[in-house]
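Here, each number is a calculation from the coordinates, and none is a lab measurement. Since this is a predicted model, take the numbers as computed values, not measurements. Here the Cβ positions follow ideal geometry from the backbone for every residue, glycine too, while neighbour counts run over all protein chains shown.
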Amino acid sequence: MSLDLRNKEFPTHVCVCGSQLWNVKCMFQDYEISMYMLEMECFSCGALATAPTLVDMPEDYVMMDDRPKEDYDGEEED
Ligand SMILES: [Zn+2]
């Protein structure tokens, strides 16, 4: 049985198994994703989770492209 990590208060980018790839139901417009459902499933372990959206982003969040490359090793900081 797969884990159920769904939580609208704490959407996630990374599964507890370490995977960053998700199965998501989405729609396309002009060759880009135009809409996606918030319920998603881990590609690796099948856990259910809540997809992140722009309104979930904390004010002090640093975008991946703005992070110094040497400071980011692929792991979330503790
Ligand atoms: Zn997983």
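So here's what we get for this one:
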read-out	value
Theoretical gain in end-to-end length, residue 41 to residue 69 [0.36 nm per residue, Cα-Cα removed]	7.2 nm
Loop-located chymotrypsin sites (Phe, Trp or Tyr not before Pro) in the stretch 1-61 whose Cβ has at most 13 other Cβ within 10 Å (DSSP)	31, 61
Note, ³J(HN,Hα) from phi for the stretch 46-59, Karplus 6.51, -1.76, 1.60, rounded to Hz, x at Gly and Pro	x, 4, 8, 8, 9, 6, x, 10, 4, 6, 7, 5, x, 4
Exposure rule at most 14 other beta-carbon atoms within 10 Å, DSSP loop GluC sites (Glu not before Pro): the chain longest free segment	10-58
Taking N as its residue count, the alpha carbon Rg of the chain over 2.2 N^0.38 Å	1.21
